[in-house]
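Chemist: I'd like to ask you about the structure that follows.
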Amino acid sequence: MEEKLLTIAGLASTVLGLVLGYFIYSLVRQHRTLTIWQQDRIKAEVETLEAERKRIATNLHDEIGPKLSAIKLHINQIEPSDNLDKNLMEKSSTQIDEIIQYFRDVSFELLPNTLVRYGIAAATDELIYRLPPGQLTIHFKAEEIVMKKEDEINLFRIIQEIIHNTIKHAGASVLQIEISHVPPNMILETKDDGIGFVYNEKMKNANGIGLLSIQSRVEILNGRMIVSTQPGKGTQYKIEFPLPSIEIKP
């Protein structure tokens with residue numbers, strides 16, 4: 001009788017173990033499926049956003065810009081009849097120049113032509129050059145690496161957001177940015193001398209939108225992000241993601 005009870009207990013334990021194992025397996029599988037679904041959704045949203053940005057930037061660069069330049073050319077060819085007309089034409093020409101520059105700035109923010117033509121390093125250099133003088137000193141260093149365009153765009157958006165956050169929230173005077181290649185991974189590291197912040201608190205409130213945007217881009221790149229920061233100690237980002245096919249320019 002005792003042996004039967006032990007056998008039944010053993011069978012019950014085995015069945016219970018199998019049930020628990022299947023339950024845990026189902027939870028892990030469900031979590032993995034949900035994670036993949038979330039990543040696919042985020043990727044689709046970002047791709048749609050970037051496609052729309054590209055469309056608008058192309059229209060500004062290829063259509064509106066040339067038309068405004070043509071209008072300015074026609075105005076400059078008009079012979080003014082008096083000083084009043086001359087002053088009016090000069091003012092109109094100046095305003096058109098300002099509008100053209102505004103559209104160029106908007107086009108750059110949407111999708112830098114430099115990024116499309118020359119890559120991440122040149123686009124980041126131009127981004128830094130376009131910042132208002134004296135606002136933030138940025139030291140940038142990057143290896144010349146050929147990447148997929150979609151990866152370059154996501155990496156550029158991350159750098160854009162880090163610079164924006166540093167200017168707006170960090171109170172920093174210096175920001176260091178470095179892009180390096182440690183096969184088979186790409187690594188972005190940044191460091192500022194700002195006021196720092198409490199990461200978990202920032203992620204809970206509206207001021208954490210920029211961090212969520214960066215995290216979304218990192219997930220699309222199948223990468224990982226480490227943020228080291230605390231009040232009064234500045235902020236460091238280390239973002240690492242794989243590049244299966246990579247070529248370093250000589």
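The values are calculated or read from the model by the stated rules, or taken from the named source; none is laboratory data. This structure is a prediction, so every number in the text was calculated from the model and none was measured. Here the Cβ positions follow ideal geometry from the backbone for every residue, glycine too, while neighbour counts run over all protein chains shown. Side chains included, ligands, DNA and RNA excluded: accessible areas come from the protein's heavy atoms. Shrake-Rupley method; radii C 1.70, N 1.55, O 1.52, S 1.80 Å.
Here is a yes/no grid of residues against (1) out of contact with any helix residue (DSSP H, G or I) (no Cβ under 6 Å at 6 or more places or on another chain); (2) modelled with pLDDT of 75 or more:
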site	(1), (2)
39	no, no
43	no, no
58	yes, no
70	yes, yes
82	yes, yes
102	yes, yes
118	yes, yes
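Chemist: Checking the structure you have, find out if any residue of segment 84-104 is farther than 23 Å from residue 65 by Cα and not charged (D, E, K, R).
Modeler: Going residue by residue through segment 84-104, those that are farther than 23 Å from residue 65 by Cα are 84-87.
Restricting the remaining residues to those that are not charged (D, E, K, R) gives 84, 87.
Yes, because at least one residue in segment 84-104 is farther than 23 Å from residue 65 by Cα and not charged (D, E, K, R).
Chemist: When you look at residue 155, is it in a helix (DSSP H, G or I), within 12 Å of the chain's Cα centre (by Cα), closer than 27 Å to residue 119 by Cβ and modelled with pLDDT under 85, yes or no?
Modeler: No; evaluated as a whole, the condition is false for this residue.
Chemist: Would you call residue 142 modelled with pLDDT of 75 or more, in contact with a Leu (Cβ under 6 Å, 6 or more places away or on another chain) and either closer than 30 Å to residue 213 by Cα or surrounded by 17 or more Cβ atoms within 10 Å (Cβ to Cβ) (or both)? Talk me through it step by step, then tell me what you get.
Modeler: Details: modelled with pLDDT of 75 or more: yes; in contact with a Leu (Cβ under 6 Å, 6 or more places away or on another chain): no; either closer than 30 Å to residue 213 by Cα or surrounded by 17 or more Cβ atoms within 10 Å (Cβ to Cβ) (or both): yes.
Spelling it out, it is not the case that residue 142 is modelled with pLDDT of 75 or more, in contact with a Leu (Cβ under 6 Å, 6 or more places away or on another chain) and either closer than 30 Å to residue 213 by Cα or surrounded by 17 or more Cβ atoms within 10 Å (Cβ to Cβ) (or both).
Chemist: For segment 131-143, does any single residue satisfy the condition of being more than 19 Å from residue 232 (Cα to Cα) and touching a residue at least 60 places away in the same chain (Cβ under 8 Å)?
Modeler: For segment 131-143, residues more than 19 Å from residue 232 (Cα to Cα) and touching a residue at least 60 places away in the same chain (Cβ under 8 Å): present.
Chemist: Out of all the residues in segment 100-138, which are part of a loop (DSSP other than H, G, I, E, B) and over 18 Å from residue 158 (Cα atoms)?
Modeler: 132, 133, 134, 135
Every residue, every condition in (1) within 17 Å of residue 234 (Cβ to Cβ); (2) open to solvent by less than 70 Å² (accessible area, probe 1.4 Å), yes or no:
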position	(1), (2)
163	yes, yes
175	yes, yes
182	no, no
191	yes, no
195	yes, no
